Amino acid sequence: MGNTTSGAGMAPKRLGMDQQDFSLFMKRYGIVFVMIAMFVVLSFASPSFLSVNNIRNVLSTVALNGVLAMGMVIVITAGGIDLSIGAMLALASTTVGVMLKMTGNNLIACTAAVLICTTLGFVNGILVAGFNMFPFVVTLASQLVIRGLGYVISGGYSFALANPNFSQIGLGKLFDAIPYPILILLGVTIISYILMHWTKFGRYVYAVGGNINAATASGVSVKRTRVLSFVISGAFAGIAGIILTARINAAQPNIGVGYETDAIAACVIGGTSFAGGVSTIPGTLVGIVIIGLIYNGMNLLKVESYWQTIVKGLLIIGAVLMDMTMNKKR
Amino acid sequence: MKRVSAVVLALCLVLGIVVCTSAGAQAAKKPIKVAYLAKNTVDAFHATLNGAAKASLDALVAKGTIASWQLYDGLTDPMTQVSLIEDAINSGSNFVILLPAESQGSAPVVTRCAKAGIPVIVVNSQTNNTAELATAFVGSNDVQAGEMMANNVIEQVPAGGKYAHMMGIVGNSAQQQRGQGIANVMGKNSKWQSVGDYAADWSADKAVQFATDVLTKYGTTVKAIICDNDDMSSAVQAYCNSVNRKDIVCIGVDGNAGPLAMVKKGTLRTTVLQDGAAQVNAAIALIPEILAGKTVQKSIMVPFTLITSKNVDKYLK
């Protein structure tokens with residue numbers, strides 16, 4: 001009865017919680033505190049930061065990275081990785097350009113872009129799950145193929161969008177207030193949340209990524225789950241490609257280089273484990289906002305743009321170290 | 001003994017003459033294989049340039065001036081170009097057209113050609129040893145392009161204000177020289193202040209991201225965004241237009257299809273056309289003259305053209 005702790009007294013309570021609960025709390029919500037801290041610091045450091053316009057811009061800018069990150073978190077949680085999403089952005093862009101040239105119809109162009117990227121995601125998934133190849137290797141190679149396809153389709157040329165209304169997807173606002181990219185990000189986040197936290201598929205993703213043998217023993221279709229994770233990643237990359245094309249008002253085959261880095265960084269900062277089986281959708285969203293705040297903050301503070309990539313790299317290392325430290329207690 | 005030596009010496013002399021003559025004859029008959037070292041095959045501007053080069057080089061092959069030609073993709077990487085020149089020489093190329101990826105990094109290519117006695121024409125941008133070692137240079141004066149953009153901004157907004165500069169990949173001579181040209185003109189003008197040189201890497205999406213924050217920070221005091229290429233300037237202008245900042249003058253260099261279409265539509269005021277096709281065609285036109293042993297002009301500059309709604313129809317692609 002009573003106190004089961006032995007030894008020289010109990011560990012001090014923090015925020016009214018004991019050590020284990022506190023660790024769990026920090027692990028789950030620590031990253032939100034980091035984001036809030038950044039908001040506070042930037043509000044004081046730059047007068048332009050805390051305005052509706054600036055916050056709106058930050059969210060619009062990170063919207064496409066966020067859509068990519070939602071696909072990436074599902075793939076990583078299932079135990080894989082997708083390095084081809086940057087190339088898919090370019091292929092989606094050139095597909096939009098070509099379809100608009102042929103049909104002038106925005107819906108057809110968007111559908112074609114998403115379809116083609118979803119199909120390529122399916123191919124990635126089959127190679128990984130069906131042929132048991134390493135996801136890193138498969139998507140490293142497929143990114144070359146996909147980017148090449150973009151150049152072949154476009155002949156290396158970038159072209160103006162045949163339908164001038166298309167750019168509204170990236171530059172327009174609903175009720176002249178909420179930029180469409182933010183709404184798209186919201187939609188994709190909600191879909192991802194439902195998939196990962198409310199459906200059987202989500203449970204399978206966590207199971208396959210967490211312990212593949214246990215998942216198989218429990219009757220989970222590992223192959224199907226892994227393939228689907230890549231299909232979703234491809235579909236989201238197609239959507240992100242549409243946003244990017246609209247935002248730059250041109251179809252270009254050489255865009256999207258390095259975007260997979262930001263997506264991975266967002267996942268890691270948001271608490272996703274590279275070992276698989278550990279992630280949250282809200283965490284990923286916070287991760288991408290933090291990355292956006294870094295870029296925005298540094299631009300507002302007139303820090304040279306080369307330092308931004310250094311800071312981003314250090315942040316990923318910091319996030320992983322913090323994650324490892326939190327988990328050491330278990 | 002003396003007689004024998006004399007005969008042997010005479011024989012050697014004759015043999016030497018015969019060998020040299022036959023070698024000379026072979027050299028004269030040696031087929032010309034052109035190595036076209038492209039900077040890349042993925043930028044819109046270079047895609048146009050490479051397309052024009054293909055047509056002109058194919059024509060030279062059809063005429064019989066050269067036997068064959070091959071494109072080597074530099075992947076915008078000077079190290080790649082340095083190893084490609086070795087591949088080209090090893091596969092028998094004896095004439096080189098070089099579009100440098102970087103002014104310093106790609107210089108060894110020109111050095112290598114000079115060492116191997118291979119004529120090299122540098123096109124579009126210069127390596128730092130072009131004047132010294134290359135057979136000829138055909139390009140445009142990127143400093144002039146920078147100055148043209150800056151002068152146009154001053155003309156469009158006489159009251160002055162703040163401006164941002166979106167750069168190309170740092171190290172490329174086009175980026176360095178356009179920046180220099182902009183600084184030459186804007187630096188002397190007290191009505192204009194720079195709010196920064198942003199590393200947008202020729203990339204439209206990066207330029208838009210930077211522009212978003214520039215507008216947030218500086219608001220209505222920003223009057224111009226000068227970009228090293230017009231993929232960037234057209235995307236930034238589209239963004240400015242979407243946030244009711246049509247007053248901001250965005251200008252860039254190249255004259256790609258997208259920006260020209262925007263000028264035609266009136267959503268982009270100006271762009272500076274770099275006639276890449278003219279540059280590469282002028283370079284290829286030098287090949288028969290160089291092969292015939294004629295002296296050619298060491299440096300040919302193809303001028304830039306300021307494109308507005310008044311003259312865009314002539315250049316629409």
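Odds and ends about this structure:
- Filter result for A:LYS312 (surrounded by fewer than 23 Cβ atoms within 10 Å (Cβ to Cβ), without any contact (Cβ under 8 Å) to a residue 60 or more places away in the chain and away from every other protein chain (no Cβ under 11 Å)): yes
- Test for A:LYS302: is it touching a strand residue (DSSP E or B) at 6+ places or on another chain (Cβ under 8 Å) and either among the basic types (Lys, Arg) or free of Cβ contacts under 8 Å to residues at least 24 places away in the same chain (or both): yes
- Among the residues making up region A:301-318, a single one is within 19 Å of the chain's Cα centre (by Cα), at pLDDT 80 or above and under 22 Å from A:SER43 (Cα atoms): A:VAL311.
- Put simply, of A:PHE49, A:PHE131 the only residue that is of a type in the set (Phe, Trp, Tyr) and more than 30 Å from A:ARG203 (Cβ to Cβ) is A:PHE49.
- From the list A:TYR151, A:TYR157, the one residue that fits, being among the aromatic types (Phe, Trp, Tyr) and crowded, with 22+ Cβ neighbours inside 10 Å, is A:TYR157.
- Residue check, B:ASN172 of a type in the set (S, T, N, Q), outside the structural domain of B:CYS113 (by TED's automatic domain parsing) and free of Cβ contacts under 8 Å to residues at least 60 places away in the same chain: no
- Among the residues of region A:40-65, those identified as under 24 Å from A:PHE236 (Cβ atoms) and of a type in the set (Val, Ile, Thr) are A:ILE55, A:VAL58, A:THR61, A:VAL62.
- Elements of type helices (runs of 4 or more DSSP H) contained in region B:78-166, each with 3 or more residues being assigned by TED's automatic domain parsing to the domain that holds B:LYS206 and more than 21 Å from the chain's Cα centre (by Cα): B:142-156
- Filtered by the rule that a residue be in contact with a strand residue (DSSP E or B) (Cβ under 9 Å, 6 or more places away or on another chain) and either at the interface with chain B (Cβ under 8 Å from one of its Cβ atoms) or without any contact (Cβ under 8 Å) to a residue 60 or more places away in the chain (or both), region A:226-258 gives A:ASN249, A:ALA250, A:GLN252.
- When A:GLY155, A:GLY187 are checked against the criterion of being out of contact with any Cys (no Cβ under 6 Å at 6 or more places or on another chain), over 15 Å from A:THR61 (Cβ atoms), among the small types (Gly, Ala, Ser) and more than 9 Å from every other protein chain (Cβ to nearest Cβ), A:GLY187 stands alone in meeting it.
- Those residues of region A:70-129 which are among the β-branched types (Val, Ile, Thr), crowded, with 24+ Cβ neighbours inside 10 Å and under 13 Å from A:PHE166 (Cβ atoms), in sequence order: A:THR95, A:VAL96
- Of all residues in region B:50-60 being within 16 Å of B:LEU98 (Cα to Cα) and more than 10 Å from chain A (Cβ to nearest Cβ), the one that is surrounded by the fewest Cβ atoms within 10 Å (Cβ to Cβ): B:LYS54
- Matching entry among A:ILE290, A:ILE317, A:ILE269 (being without any contact (Cβ under 8 Å) to a residue 60 or more places away in the chain and away from chain B (no Cβ under 14 Å)): A:ILE317
- Failed criterion for B:LEU71 (all others in (1) free of Cβ contacts under 8 Å to residues at least 12 places away in the same chain; (2) in a strand (DSSP E or B) hold): (1)
- Helices (runs of 4 or more DSSP H) wholly inside region B:198-298 containing at least 3 residues that are within 12 Å of another protein chain (Cβ to nearest Cβ) and more than 30 Å from B:VAL61 (Cβ to Cβ): B:204-218, B:230-242, B:257-265
- Within this structure, B:ALA200 passes the test of being under 20 Å from the mean Cα position of the chain (by Cα) and not assigned by TED's automatic domain parsing to the domain that holds B:THR295.
The values are calculated or read from the model by the stated rules, or taken from the named source; none is laboratory data. Only a predicted model underlies this, so the values are computations on that prediction, with no experimental measurement involved. Glycine gets a Cβ as well: all are built from the backbone with ideal geometry, and neighbour counts include every protein chain shown.
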